[in-house]
Amino acid sequence: MRSGVLGLDIDAYGAEGQAAALADFMEAAALRRQSVTFSGLEEAIKDHGWGEIDNGLFITGDEQMDRAMQWPDRVRSLIMQRASILGANYPFRIRANALQLKARHTRKHSSYERLLILTIAHSWGYSGKPRPDVLFERLVVGALKNAGFRSAGIGTGTRASKRFENALAEAGRQVGISTMSSPSPVRRSAKDEKVDVLSVVNWRDPRPGRISLITQATVGKSGSWMRKLKEPEPPKWKNYLLEKMAPLSALAVPHHVDDRHLTDLLAVERGTVLDRLRLAPLLGEVVDGEPDMRAWFDRLDIEL
């Protein structure tokens, strides 16, 4: 991976995110008005020698090159799902067998683009400050606020205090609830107890039974998502929040989680998944650092 170059990389997001990485590359090129055709993508896939995958694992053998012909169809399917779910919020269209930026750009389109660029920035070596993971935590806070929650960042990238107990108290103050003054049990080396965003729906009375959501936000590769989803511990957080009912749990990622991987993540019943398609329509205002990241993206050379 060369500095200053956005090149086609099927493994940029890990084994379970290969089709999404190809789709994102096509979108990035279109955003820079360098449209890639599906036939061009097919040729590039063949040139790289990438074969077909199934559930994130390569199938190897004599048919590998023939099966590469199926990749454009899978990528097209992901792009069409994005367009179907996001509707007017999706900034691209398929014309003449190529992915193109819509002629009329609107504010609704920019939210999707912000998450696309952040995903690319993390995977293609952006070194600016704040880091992409910190920016993403802040974007998730804003998105959950727009979803109707009272939300506060409690991850190490967004909070003011380095001590977990102080960070918990401050997050509680921001969302309007009382929290355990000396939270326990807490790991000796705890920084955030594996939660980046605290959100609540607070009924207008002091009785227990509020709806709480603890969210782990990550920009990591797809292979880490199951582990990250399982990290928050709702029973422990029930005590931290002085509640009778354990909070719900969520994993937030800036990527598009394809249907097979989403089904696998939800099957363990440890929480829901907030991916790019769910977060983009909810994003709040641009946060500090995003304009610099966009400027970095606009300077990249696109190479198929």
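The values are calculated or read from the model by the stated rules, or taken from the named source; none is laboratory data. The shown structure was predicted, so the numbers you read here are calculated from the model rather than taken from an experiment. Glycine also receives a Cβ, built like all others from the backbone with ideal geometry; neighbour counts cover every protein chain displayed. Accessible surface is based on the protein model in full, side chains and every heavy atom, while ligands, DNA and RNA are left aside. Shrake-Rupley method; radii C 1.70, N 1.55, O 1.52, S 1.80 Å.
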**Message:** With equal scatterers on the alpha carbons only and no solvent term, can you work out the Debye log10 of I(q)/I(0) for the range 229-288 at 0.13, 0.14, 0.15, 0.30 1/Å?
**Reply:** -0.46, -0.52, -0.58, -1.16
**Request:** Give the ranking of VAL286, VAL75 by solvent-accessible surface, highest area first, calculated with a 1.4 Å probe.
**Result:** VAL286, VAL75
**Item:** Square roots of five times the Cα gyration tensor eigenvalues for the range 185-304, Å
**Value:** 30, 18, 15
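So, with +1 on the Cβ of K and R and -1 on the Cβ of D and E, and no other charges, what is the size of the charge dipole of the chain about its Cα centre, to the nearest 20 debye?
That gives the chain a dipole magnitude of about 1560 debye.
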**Request:** At most 12 other Cβ atoms within 10 Å plus a DSSP loop assignment makes a site exposed; report the longest stretch of the chain without any exposed trypsin sites (Lys or Arg not before Pro).
**Result:** 34-103
**Message:** Within 11 Å, Cβ to Cβ, of GLY220, how many net charges do the neighbouring residues add up to if Lys/Arg are +1 and Asp/Glu are -1?
**Reply:** +2
**Item:** Å² of accessible area per residue within the range 230-293, as computed with a 1.4 Å probe and no ligands counted
**Value:** 46
**Message:** Taking Rg and Dmax of the Cα atoms in Å straight from the coordinates, which label in (i) 34.3, 131; (ii) 23.7, 101; (iii) 20.5, 67 is the correct one?
**Reply:** (iii)
**Asked** What longest region of the chain stays clear of GluC sites (Glu not before Pro) that DSSP places outside H, G, I, E and B and that have at most 12 other Cβ atoms within 10 Å?
**Response** 64-268
**Item:** Helix 107-123 axis, angle to the chain major axis (alpha carbon atoms, nearest 10°)
**Value:** 90
